[in-house]
Amino acid sequence: MAHQVRRTSARLADGREIIYFDDETETRSPRPDERPLGARAEAGEMRFDALTGEWVAVASHRQNRTFLPPPDECPLCPTGRGSVPSEVPDPAYDVVVFENRFPSFSEGAADLDSPVPEPLFATAPARGRCEVVCFTSDHSGQFAQLPPARVETVLEAWVDRTTELSRLPGVDYVFCFENRGPEIGVTLHHPHGQIYAYPYVPARSRAMLERAREHRATTGRLLGSDVLAAEVAAGSRLVLESEHWTAYAPYASRWPVEVHLVPNRAVPDLPALTAQERADFATVYPQLLRRLDRFHVAPTAVDGDATIPLPYIAGWHQAPVNVGREDWRLSMQITSILRAPGKLKYLAGSESGVGGWVTDVAPEAVAARLRELVDA
Ligand SMILES: [Zn+2]
């Protein structure tokens with residue numbers, strides 16, 4: 001039977017949408033948001049980089065966003081738990097999604113004052129949507145420790161948002177992701193992720209789509225399926241396999257730790273996953289995260305807990321909204337900048353300057369280490 005989730009939509013004081021996804025909380029009549037928020041912040045403009053063909057969103061208001069507030073002022077905890085009202089007016093929630101207070105993209109991004117057609121200085125309103133997903137109301141929790149039923153609820157929220165955001169006018173790409181750890185600039189410790197609905201297909205997704213189309217043109221086959229079959233056949237980079245999912249360290253990993261988790265069946269995006277695939281993900285993904293949290297061992301640990309919570313970025317690479325669905329295969333890509341305890345990989349000259357990736361970690365060694373770390 002499919003996982004049951006109740007969805008309740010409401011509005012915050014400044015008009016932003018908030019959506020509760022409940023699997024346990026029995027009744028929900030959303031409380032009003034009584035904060036004096038004033039007018040909502042809208043996104044600004046995008047500028048087109050004529051040299052690279054990439055859009056850049058200019059979000060100068062984000063400089064004022066919340067930066068590591070004290071724990072009793074967490075904006076993602078339910079209201080009533082801390083000393084000030086939070087972004088979530090209700091006193092309890094299971095999973096909740098709301099529009100970002102300081103968005104890089106928003107539906108209300110204003111039309112430009114003077115949209116002068118200027119080929120080298122092209123500009124467009126940064127129209128789209130940015131949302132925050134709270135994975136749990138437990139401030140000190142983490143995704144890896146969520147019970148499978150709650151992971152399924154998070155997945156249902158991602159599916160719902162992918163479907164809804166894809167319907168917004170002008171949205172070309174929906175990216176659901178989690179940034180975890182202060183090492184990568186996370187400004188709030190509460191377990192949460194974000195969803196960006198872009199009015200264009202971002203550069204890396206565009207490159208992936210072009211590769212998939214070339215592969216289709218030359219072989220007649222789906223690139224993602226061929227890569228998965230090749231990784232399974234090679235075996236040396238496999239991390240784990242379940243009935244519906246496979247995780248591997250990709251052949252050309254760019255980061256010190258990089259793992260792709262893909263469904264065994266070819267699907268373009270999250271809404272295409274079956275109930276069985278969703279339920280299996282809810283078990284497999286936290287297992288994978290728990291292994292990642294034991295990847296590095298603290299050098300000072302004599303005995304007991306030597307874990308170093310791995311800073312990571314985990315993101316769903318879904319098919320673009322309007323193009324390439326038939327050529328795309330869904331993948332969850334998890335990457336970390338932590339190459340050794342206390343040592344971060346910085347994107348320096350070669351990577352930042354020209355996108356020339358250099359890695360000193362063999363993906364085969366990453367996979368071998370992760371295969372050892374089965375749950376105790
Ligand atoms: Zn919190």
Check your understanding: residue 189 accessible area, nearest 10 Å², 1.4 Å probe?
Key -> 120
Review point. The chain: Rg/Rh from Cα coordinates, Kirkwood Rh?
Key: 0.95
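Which value, in debye to the nearest 20, describes the size of the charge dipole of the chain about its Cα centre when Lys and Arg Cβ atoms bear +1, Asp and Glu Cβ atoms bear -1, and nothing else is charged?
On the way: 39 positive and 51 negative charges, 111 e Å.
Charge dipole, the chain, about its Cα centre: 540 debye, nearest 20.
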Review point. Counting only residues 5 or more places away or on other chains, whose amide H sits under 5 Å from the amide H of residue 33 once H atoms are built in the peptide plane?
Key: 13
Practice item. Leaving ligands, DNA and RNA out of it, work out the accessible area of residue 253 with a 1.4 Å probe and give it in Å² to the nearest 10. Key: 10
**Study point:** Given charges at Cβ of Lys, Arg, Asp, Glu: the chain dipole, positive-most of 154, 75, 38
**Key:** 154
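Percent relative contact order of the range 204-372, based on C-alpha pairs within less than 8 angstrom and at least six residues apart? Walk me through the numbers before you get to the answer.
Numbers: 261 pairs, mean separation 49.8, N = 169.
Over the range 204-372, the number comes to 29 percent.
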Review point. Under a point spin-label approximation (7 Å from Cα along Cα-to-Cβ), what is the residue 73-residue 118 distance to one decimal in nm?
Key: 3.9
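At 1.002 mPa s and 20 °C, plugging the Kirkwood radius over alpha-carbon pairs of the range 1-115 into Stokes-Einstein gives what diffusion coefficient in µm²/s? Could you put the intermediate results ahead of the total?
Working: Rh = 16.5 Å.
So the translational diffusion coefficient is about 130 µm²/s.
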Review point. Can you list the chymotrypsin sites (Phe, Trp or Tyr not before Pro) in the range 276-376 that are in a DSSP coil and have 14 or fewer other beta carbons within 10 angstrom?
Key: 346, 357
Practice item. Report the Stokes-Einstein translational diffusion coefficient (µm² s⁻¹, integer) for the range 220-272, Rh taken as the Kirkwood radius over Cα pairs, at 10 °C with viscosity 1.306 mPa s. Key: 135
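Of the heavy-atom accessible surface of the chain (probe 1.4 angstrom), what whole percent is carbon and sulfur? Kindly include the intermediate steps, with their values, before the conclusion.
Numbers: 9470 of 17670 Å².
So the carbon and sulfur contribution to the accessible surface is 54 percent.
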Review point. Which residues make up the longest stretch of the chain clear of GluC sites (Glu not before Pro) that lie in a DSSP loop with no more than 16 other Cβ atoms within 10 Å, not counting the sites?
Key: 43-242
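With an 8 Å Cα cut-off and a minimum separation of 6 or more residues, compute the relative contact order for the range 6-200 in percent.
Numbers: 399 pairs, mean separation 43.2, N = 195.
Result for the range 6-200 is 22 percent.
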Revision key, fill the gap. Along the range 7-15, Karplus-curve 3J(HN,Hα) (6.51, -1.76, 1.60; θ = phi - 60°) to the nearest Hz, with x for Gly and Pro, reads 10, 10, 9, 8, 10, 7, 4, 9, x
Point to revise | Dipole of the range 6-200, positive end: most advanced residue of 198, 119, 27 [Cβ charges, Cα centre] | key: 27
Exercise for review: Please calculate how many Å² of accessible area the chain carries per residue, with a 1.4 Å probe and no DNA, RNA or ligand atoms counted.
Suggested key: 47
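Please compute the Kirkwood hydrodynamic radius of the range 6-200 from all pairs of different C-alpha atoms, in Å with one decimal. Display every interim value, and only then the final one.
Values: mean 1/r = 0.0564 Å⁻¹.
One decimal place: 17.7 Å for the Kirkwood radius.
Quick check on the range 114-252: take the gyration tensor over C-alpha atoms, sort the square-rooted eigenvalues as a ≥ b ≥ c, and tell me if it's rounded (a/c under 1.5), prolate or oblate.
Details: a/c = 2.00, a/b = 1.07, b/c = 1.86.
Taking the square roots of the gyration eigenvalues as a ≥ b ≥ c, the range 114-252 is oblate.
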Review point. Along the three principal axes, how long is the range 204-372 when you take its alpha carbons, biggest first, rounded to the nearest angstrom?
Key: 54, 42, 29
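The values are calculated or read from the model by the stated rules, or taken from the named source; none is laboratory data. Note that the structure is a prediction, hence the values are computed from the model and not measured. Methodologically, a virtual Cβ is constructed for each residue, glycine included, from the backbone with ideal geometry; neighbour enumeration extends over all protein chains shown. Ligands, DNA and RNA are excluded from the accessible area calculation, which covers all protein heavy atoms including side chains. Shrake-Rupley method; radii C 1.70, N 1.55, O 1.52, S 1.80 Å.
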